[in-house]
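Written below as structure tokens is the structure these notes are about.
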Amino acid sequence: MPRSIPASDTSAEPRLGALLARLDEIRRELDRDDVDLEDQLALYREGCTHVLAAKRILNSVRSEVEVLMAETDAAPLRGVEE
């Protein structure tokens, strides 16, 4: 039966590495010939949930990196030559 990613805090989103590891497990389970249709659908749904969570994490990181890059360009570090 499909399992979800364990989280120590249910309000916290899982880490990207855990999401990717579970997606890889789901892919391997879906590749098996002995998984029935209902379980395949459940695995697929779970995978979709993890993909969306991973996209949220990546978008958040991208936004943070863009802010940091803008701050760095606006205020160069002292003693660092370009």
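General observations
- For the range 16-58, the tally of residues that are more than 10 Å from the chain's Cα centre (by Cα), surrounded by fewer than 14 Cβ atoms within 10 Å (Cβ to Cβ) and part of a helix (DSSP H, G or I) stands at 11.
- Condition met for Thr72 (modelled with pLDDT under 90, surrounded by 11 or more Cβ atoms within 10 Å (Cβ to Cβ) and in a helix (DSSP H, G or I)): yes
- Which numbered condition Glu13 fails, given (1) under 16 Å from the mean Cα position of the chain (by Cα); (2) outside any loop (DSSP other than H, G, I, E, B); (3) at pLDDT below 95: (2)
- Single residue of the range 24-55 satisfying the filter (in contact (Cβ under 8 Å) with a residue 40 or more places away in the chain and not aliphatic (A, V, I, L, M)) that is nearest to Pro14 (Cα to Cα): His50
The values are calculated or read from the model by the stated rules, or taken from the named source; none is laboratory data. Just so it is clear, the structure is predicted and the values come from calculations on it, not from any experiment. No Cβ is skipped: glycine too gets one built from the backbone with ideal geometry, and neighbour counts run over all protein chains shown.
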